[in-house]
Each structure stands twice: as C-alpha cells, then as structure tokens.
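Report on one structure; see the data block that follows.
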Amino acid sequence: MFAGSRTTIEISGPDFTVNGHLTYTPEAGFRDADPHLRGKLLMLKTANCIFDDARYGEWATKANPYFGYVHWEYPDGPWNPNRHTDEFIAALPTYRQLGLTMVYVNLMGNQPTGRGGSHPWINSAYTPTGDLKGPYMDRLSRVLEAADEAGMVIMIGLFYPQQDQNIMVQDTVDKDDALIRKCITNAVQFLVDSGKRNILIELGNESNHPLYEHWILRASRVHLAMDMVREASNGVFPISTGTFEVAELPDELYEQMDFLILNTPSGDPQRVKDQLDKAHQRTGGTKPILLKEDTSIFCMMTCLEQGASFALFHQGVNNYREGFQSIPVNWEINTVGKWQYFNQVARLTGSALPARPKDLPDVPPIKLIGIEDGQKLSDVGELSVRAELYQARPIECHDTAAIEIRTAGGVAARLLGSHSIDPQARPRIFIDATEDSAVWQGGTVTIDYTEGRLPMSAFCKVAQRQEETTI
C-alpha cells in the first residue's frame, strides 16, 4: 500500500525542517521566500478531507436535511466520500506549486457546517469499541501517499469534541482510559506502519474544549493521553495537542508537546500577537508554534512576524463552492476568499501566482469617498480616503482583503481594507498615488494582495486608534 517516505518532517529548536532543510529556504527549494518564513509551515485547515457521515441517507440529504437545510449532497448527485477525498487529492499538487507546505486531517473531522449547536452527524474513523474503520483508513492511506508524493507535510488529528462520544463511553475511568488507549494505539500504529514520515500528530482539537465526553481527553487529564501518544509513537512523529489560545493546562502537557498548536479564530491581529507573546513565554522560544485556525490573512502576517507558522481556517457554506470545511467541499481555488489566501502564499514563498477565478461574484461594489471620477490620483497625494462596501456578504466573519484600484493609467493605487461584520475591525485605508497619469475611473476594483508584504505595525496602531476605522 505504501512505498516508504519521500518527504520527512523534523523539528530543530523553534523551527521545522523538511527533508533535512529548514523550510522555505533556498536549500528547501524556495529561493525567493520571505525571510519570515524560514523554518515555518503554511497550512490549509482541511480537517474534513476524509469525511463521511454514518447517518447519511437517513439524514443529510436534500430531502431530509439536518436542521431543515444542511445536507452533504453535491449539486449533481448524492454525497460520495470517495469523490470528496479524490478531489482533495487532485488539488494537492496545485497547493504545493503555490507554496503551501502542510494540510490537515482529523480522524473525526471538524465542524462540517457553519451552524453552531448540536453535532448529530457521525463522522469517526473509530468504531464504538476503538477499532479503525476500513473505508476511512483507505481514504487516509490515499491522502498520505498523495501528500508525500507532492512533498507536503500532513498533520493528523486523532480526536474532536462532540464526535468523541461516538466511541462508547465506559462506566469507570479505568475502562474508559483503556478504550481511548486502544484508539490511540490503533491510529498511531497505522501511521507508523505506513512508513510515511511527513506526519505531525495532534492528539485533540482544542483539548481545553468543555465538550469532550471521555475523561482522559479533557483538560485536567489530557496530559495522560499525551503519554499514550508518546508511547505509541515511540519518537517516530513529533506530537502535540491543540488548545484554544494559551490555556491554563497542566505544566506536564506543555512539557510533552514537541510543538504548540493554538486556535485563535478571531481575525484580530492584535489578539493574535498577544497570544503568540504568551506562547513564546510559555516555551521560552525553544519550540515551534502553529496558529492552526484563523480566518484572516492580516493575522497570517502577524503570525509570521511573531515567528510562528500559520494555517487558514475557511469554513464556507454547504454549497460545493465556498470554503474548505463545509461539506461538500470544492477543493479548487474557485472563489475570492480561496484565491486571496493562495495568492498571498504564492507571493510570500516566491511561487507562481494562482490564476484568478473566472467567476468572482464575491467581489463587492466599492464606493470611494474623497476622490471624484476623472480626478488624477496625483492630485489626491497622500490624502486618507474611506471606502464604503455595498452589498458585501462576508466570506468569513472577519474576512480581510486588500483592494486594488485599476485606473486609466494602469494599476496605480492600492488600499488595505476589511469587510468584517464588526465595523471596529476595519482599518483605515490610504491611497498612495505615485503616477501623474493615474486617473480614478470609479467603480472598477478587485480584491488582491498585489505586493504582499503587509507591515504589522500599521494594524496594531489602527487597533489602538479606533476613531480612525472606516465606515
């Protein structure tokens, strides 16, 4: 089934190495990557790439959706887990060509719809008694092989809250611990036997989450489960577990982590910076840090400037178009939100840029206040200009973007902006007019990160001076 490992991941102090070289260096094949990327990983959160639902057919159909509207079916046919995984695998070479170095799968998936509340679906690679389900592991095997072939790292999550209850909860702590040990041993041994060494292991998604059913996966005892992962892995794979922000967890847990995984899905660069400062204090700067779940490219820039790796979380909706998590997922770079992230990744890594999606209905019309149609941008100088967004349906709660103005004289002015649902999160926007011939034509804009390098200091100042926010 497996043919050894072409790609290997290791840790060297606070950095990651792939095939013996610090990531995003000339030795690793990235001659023109931004220096902030040295030793870091750029990841896309693709937790549901081997997803299935044991209740599909009874539920999650167009005829009988969850909650009255959530279903997994494709526009052109029924839900098919093999199609879903095969389309993911087909996208991996493109992701890698654009500079992405890591993807993610969780054996219990992650939230497959943006709707909060209960999780009635059953998505688990484990049987209720802790054995591994053959179809899930077949899909995982294909993903492991494809990621290895593409030269990519893959992080494997073992548990997810509100799905771990599908492993039979036992009536005593000892029995329950033994069952979770069985799950861990089976899963990790499968990964060891695969021969693949491009793997990082995450014990649980947000181990401080209050809704884990099994005692040993809860915050107060999860360090004991980490002992089980360490024992099963026997040093083959770097291991960690996720937390929501820098949590108050047992010191033993932080000591056991080979690297830190933080979730801070806030879209707030200042909050990300604060959390990363705490993480560096906790580790003494001796371990890699991964910000695993954020919705904002501004936060990616903050993350890299603070010496941490970054993973984009893009929930989307259940329409086979938007996002990388809501089922069914279209794994292509087919929307503004997807293209925006990969465009920035490509620019930062010195890779070939992604093609613009042909259909861009997500681009909102924009009205500029402070400049008239036909006016030369050189007449505006460095005047601050506000942008009003009309009919903007946010791709994410805190979606952020740069706005590129196309003028009669070519692309001559760029704005940094946001269409967050929180108006206080929108930074001030500046026009930088550099060409005398540049004339504002009005109405024609695209979302872009044209030059890519976004100074974090500007956003921190904006966060502290809310009177300068737009709209």
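Throughout, read-outs are computed from the coordinates displayed, never taken from laboratory work. Not measured: the values here are computed from a predicted model. Cβ coordinates were reconstructed from backbone atoms using ideal geometry, including for glycine residues, and neighbour counts include every protein chain displayed.
The figures follow:
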read-out	value
Under 5 Å, built H, 5+ apart or other chain: amide partners of residue 29	none
For the range 9-349, alpha-carbon Rg over 2.2 N^0.38 Å	0.93
Karplus 3J(HN,Hα) series, Hz, for the range 153-159 with 6.51 cos²θ - 1.76 cosθ + 1.60 (x for Gly, Pro)	8, 9, 9, 10, x, 9, 9
Residue 206 long-range amide H proximity, modeled H, under 5 Å	242, 243
By average C-beta atoms within 10 angstrom, highest first, the peptides 351-357, 326-332	326-332, 351-357
Label-point gap, in nm, between residue 278 and residue 122 - each point 7 angstrom along Cα→Cβ	3.8
Separation in nanometres of the label points that stand 7 Å from Cα toward Cβ, at residue 271 and residue 31	4.2
Calculated FRET efficiency for the pair residue 62/residue 86, C-beta based, R₀ 25 Å, to 0.05	0.70
Extended-chain gain in nm, criterion 0.36 nm per residue less alpha-carbon gap, residue 133 and residue 251	39.0 nm
Percent of alpha-carbon pairs separated by more than 17 Å within the range 21-154	64
